[in-house]
1. What do you reckon, is Thr30 under 23 Å from Leu120 (Cα atoms) and touching a His at 6+ places or on another chain (Cβ under 7 Å)?
2. Can you say whether Gly65 is open to solvent by 50 Å² or more (accessible area, probe 1.4 Å) and more than 19 Å from the chain's Cα centre (by Cα), as far as the supplied structure shows?
3. Would you be able to say whether some residue in the stretch 160-172 is under 24 Å from Leu117 (Cβ atoms) and of a type in the set (Phe, Trp, Tyr)?
4. Could you please tell me which pairs satisfy a Cβ distance under 9 Å, a separation of 6+ or placement on different chains, a first residue in the stretch 183-200 that is more than 15 Å from Met170 (Cβ to Cβ), and a second residue that is assigned to a helix (DSSP H, G or I)?
5. For the stretch 169-180, enumerate the residues that are in contact (Cβ under 8 Å) with a residue 12 or more places away in the chain, of a type outside the set (Phe, Trp, Tyr) and at negative phi.
6. Is it fair to say Ala12 is in contact (Cβ under 8 Å) with a residue 12 or more places away in the chain and crowded, with 19+ Cβ neighbours inside 10 Å?
7. State which residue is surrounded by the fewest Cβ atoms within 10 Å (Cβ to Cβ) when the search covers only the stretch 192-235 and only residues that are assigned to a loop (DSSP other than H, G, I, E, B) and within 19 Å of the chain's Cα centre (by Cα).
8. Within the stretch 95-187, considering only strands (runs of 3 or more DSSP E) that don't extend past its boundaries, which have at least 1 residues that are open to solvent by 50 Å² or more (accessible area, probe 1.4 Å) and among the aliphatic types (A, V, I, L, M)?
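The values are calculated or read from the model by the stated rules, or taken from the named source; none is laboratory data. Quantities reported herein were computed from a predicted structural model and do not represent experimental measurements. Using ideal geometry, Cβ is built from the backbone for each residue, glycine included, and neighbour counts are taken over all protein chains shown. Keep in mind that these areas ignore ligands, DNA and RNA; they rest on the heavy atoms of the full protein, side chains included. Shrake-Rupley method; radii C 1.70, N 1.55, O 1.52, S 1.80 Å.
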Amino acid sequence: QGTALKNFLVRAVGPALAQFNVQNPLTDPTLALHISPSGATFTSNDNWSGDSRFPDVVAATGAAGAFALPFGSADSALAVLLAPANYTGTVGSADGGAGIALAEIYDADPGSSSARLVNLSTRGRVGVGDGVLIAGLVIGGNGTLRVLIRAVGPGLAQFNVPGFLARPNMTVYDAKSSPISGNTGWTSGGLKADLTAAMQTAGAFPLDKNSADSAVVLTLASGLYTIKASGVGDTTGEALVEVYLLP
């Protein structure tokens, strides 16, 4: 959202996750960016340093403060100049394999306030143990931001998503891995009216008042945050983790 173009770094990381002791990383991830509502692919990458555009990725990595990818790795990355709009990034596998991947987007021009991210969402398979769906959020600058965070399972039925997670549990952690908020069932905490108003303000799609989806509104200081979505009773399925910026 904004009034001008802005630089972003978008990555699909698989092999480089080994340095963080992630088990079973995706060996050869691919990355494609699509613009909504047409869904047309406007750029893609497979093996970031084998692409002639890799110097732009190196520059964007430094500007964004992202961890470096090993030169020659099969990870994918793109440095892109985006106009205000809605975008979707998809992570695939070049060799047909399966595994854990990290989909990332970084502000590669943090000094410019002419545009900014106002909504981030990640849809993926929720497993058990280390296979739960994990989203990370980094807030820069000074002051605080008010955000709406959701873990949607049953709410995906309206979009004909098969195999959705029937009852997600969402927990938000700070940089010290201490839980700061979360719930199982967004109306369970008696904040239904506040959450409904926040969803309307953010332009989020509505959730059924009796659904088992999770949602919280938080005021967060700059720093690192982690959002984990798991299934109650070790259940599995598709889920969507979302972060919306609120006024």
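1. no
2. Answer is no for this residue.
3. No; the residues of the stretch 160-172 include none that is under 24 Å from Leu117 (Cβ atoms) and of a type in the set (Phe, Trp, Tyr).
4. Cβ pairs passing all conditions: none.
5. The answer is Asn169, Met170, Thr171, Val172, Asp174, Ala175, Ile180.
6. Yes, satisfied.
7. Across the stretch 192-235, the extreme among qualifying residues is Gly203.
8. Filter on the stretch 95-187 gives 102-107, 119-126, 133-152, 179-183.
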